[in-house]
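Here is the structure we will look at.
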Amino acid sequence: MEACLDIAVNSASFAYGEDTVLDNIKLEIPKGTFSALLGPNGAGKSTLLKVISGYLEPQQGEVLVCNKRVHSMGDRDRSRLITYVAPEYRSSFEFTVEEAVMMGRIAHSGSIMAQSPLDLEAAERAMLATKIIHLRDRPVTSLSSGEQQRVQIARAICQEPSVLLLDEPTAHLDMNFELEVMEILRQLVKQGRTVLAIFHDVNLALRYASTLFFMKQGKFVESIHPDGISPEIIEKVYGVEARILEDPAGKIRCVVPYSIARPPGLPRA
C-alpha cells in the first residue's frame, strides 16, 4: 500500500531569467512526516520551498499538496493547506505580537477583524506553545530576531495548516529555544501535520527529521534516512571531510567536519 502523499513535486524547474535554480526536481513527502532540506548556500533550497508554497510558479512541472495543484488554487484555499515561514520577519506595519499571530486565522475567517472565539483560542495556544504569551502586546518590530522568529512560528501554528514549510526555523535562536522549536515541530508531526524545513545545521536535522533531502546546484543529490549519513555524503554535498560520531547510547549521530576536501589527485598537506 502506497503512503498518502502530502507533497508531490513532479519534474519542476525554475529559473530567474537565464539562471536555472531548480532543475527537474522530483520530490514525494508522505503525510505526517518531518523532512529536512539541506545543502550549501545557493543550492536552490529556499526557491524550492517558495515553489511548493505557491509563492513562485515553476516554468515546468507541477506541485501537488494534499492531491491538489498548488498553483491552480486561490490564495485563501491554499493558505488553509500550507503555511510558509520565511527566515526573517518583514512587515511595514507596527503589529503587536498577538495581531501578527492572529494573521494566521485569515485563511479561516477571511479578515483579521473577524475574530471568533475559536480564532482567539487558536492564537492563545500558539503563543503558549512558542512561549511568547508575555510578549502579546509588544510591537513585533521591538523584539529580538529570535523572538520575531518565534512569532512567525506561532502564526504558522495558529493557521492550522496540513503542511508547514519553514526556511531556517531555528535561525537567530539560542540553544534552548532552538530545541524547543524543534520539539514543537515534532509534536505537530505527531498530530498528523507534515513538516518540510530548511536547515544549515546538519546535526539538528539528523536528530529530528525522518528523511534528509540534500540539494546541490538545483538538483537533489541524496535522499536518506538519518541512519544513512556518511562522510562520503557530506563530502559530496558540502565539499568537506567529516567524521560521523555517535553518543554512547547510539541514539544521536553527529557530523564533525575537520577539513576542506582536496580535489582528486591532490596530496594532503
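If you check TYR16 against the conditions, is it under 17 Å from SER162 (Cα atoms) and of a type in the set (Phe, Trp, Tyr)? Quick ask: steps written out before the conclusion?
Details: under 17 Å from SER162 (Cα atoms): no; of a type in the set (Phe, Trp, Tyr): yes.
Spelling it out, it is not the case that TYR16 is under 17 Å from SER162 (Cα atoms) and of a type in the set (Phe, Trp, Tyr).
Just wondering, is there one or more residues in region 198-212 that are within 28 Å of GLY146 (Cβ to Cβ), touching a Gly at 6+ places or on another chain (Cβ under 9 Å), in the same structural domain as TYR84 (by TED's automatic domain parsing) and crowded, with 20+ Cβ neighbours inside 10 Å?
Checking region 198-212: at least one residue is within 28 Å of GLY146 (Cβ to Cβ), touching a Gly at 6+ places or on another chain (Cβ under 9 Å), in the same structural domain as TYR84 (by TED's automatic domain parsing) and crowded, with 20+ Cβ neighbours inside 10 Å.
Looking at ARG186, ARG262, which one is of a type in the set (D, E, K, R), in contact with a helix residue (DSSP H, G or I) (Cβ under 9 Å, 6 or more places away or on another chain) and modelled with pLDDT under 95?
Result: ARG186 is the single residue among ARG186, ARG262 that is of a type in the set (D, E, K, R), in contact with a helix residue (DSSP H, G or I) (Cβ under 9 Å, 6 or more places away or on another chain) and modelled with pLDDT under 95.
Is there any pair linking a residue in region 123-149 that is under 14 Å from GLU99 (Cα atoms) to one that is in a helix (DSSP H, G or I) and of a type in the set (Asp, Glu), with Cβ under 8 Å and at least six apart or on different chains, and which?
Within 8 Å, the pairs are ALA123/GLU98; MET127/GLU98; ILE132/GLU147; ILE133/GLU124; LEU135/GLU147; ARG136/GLU98; ASP137/GLU98.
The conditions are (1) within 14 Å of the chain's Cα centre (by Cα); (2) closer than 30 Å to ALA261 by Cβ; (3) not assigned by TED's automatic domain parsing to the domain that holds TYR84, and GLU235 fails exactly one of them. Which is it?
(1)
Quick one: how many residues across region 1-57 are surrounded by fewer than 16 Cβ atoms within 10 Å (Cβ to Cβ), without any contact (Cβ under 8 Å) to a residue 40 or more places away in the chain and in contact with an Asp or Glu (Cβ under 9 Å, 6 or more places away or on another chain)?
Residues meeting the conditions: 1.
Can you tell me which of LEU166, LEU179, LEU196 is modelled with pLDDT of 95 or more and under 19 Å from ALA129 (Cα atoms)?
LEU166
Give me the pairs, please: first residue somewhere in region 59-82 and free of Cβ contacts under 8 Å to residues at least 40 places away in the same chain and closer than 14 Å to LEU196 by Cβ, second residue anywhere and β-branched (Val, Ile, Thr) and part of a helix (DSSP H, G or I), beta-carbon distance under 8 Å, and either six or more positions apart or on two chains.
Pairs found: VAL70/ILE52.
Step by step: first the residues of region 225-256, then only those that are surrounded by 14 or more Cβ atoms within 10 Å (Cβ to Cβ) and part of a strand (DSSP E or B), then the one that is modelled with the lowest pLDDT. Which residue is that?
That would be ARG253.
Residue-by-condition table, conditions (1) closer than 18 Å to TYR208 by Cα; (2) in a loop (DSSP other than H, G, I, E, B); (3) under 15 Å from the mean Cα position of the chain (by Cα); (4) not assigned by TED's automatic domain parsing to the domain that holds SER35:
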| position | (1), (2), (3), (4) |
| --- | --- |
| GLY146 | no, no, no, yes |
| GLN149 | no, no, yes, yes |
| MET182 | yes, no, yes, no |
| ARG186 | yes, no, yes, no |
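Going through SER92, SER53, SER79 one at a time, which residue ends up being modelled with pLDDT of 90 or more and hydroxyl-bearing (Ser, Thr, Tyr)?
Result: SER53 is the single residue among SER92, SER53, SER79 that is modelled with pLDDT of 90 or more and hydroxyl-bearing (Ser, Thr, Tyr).
The values are calculated or read from the model by the stated rules, or taken from the named source; none is laboratory data. Every value quoted in this text rests on a predicted model; they were computed, and no experiment measured them. Backbone-built Cβ (ideal geometry, glycine too); neighbour counts: all protein chains shown.
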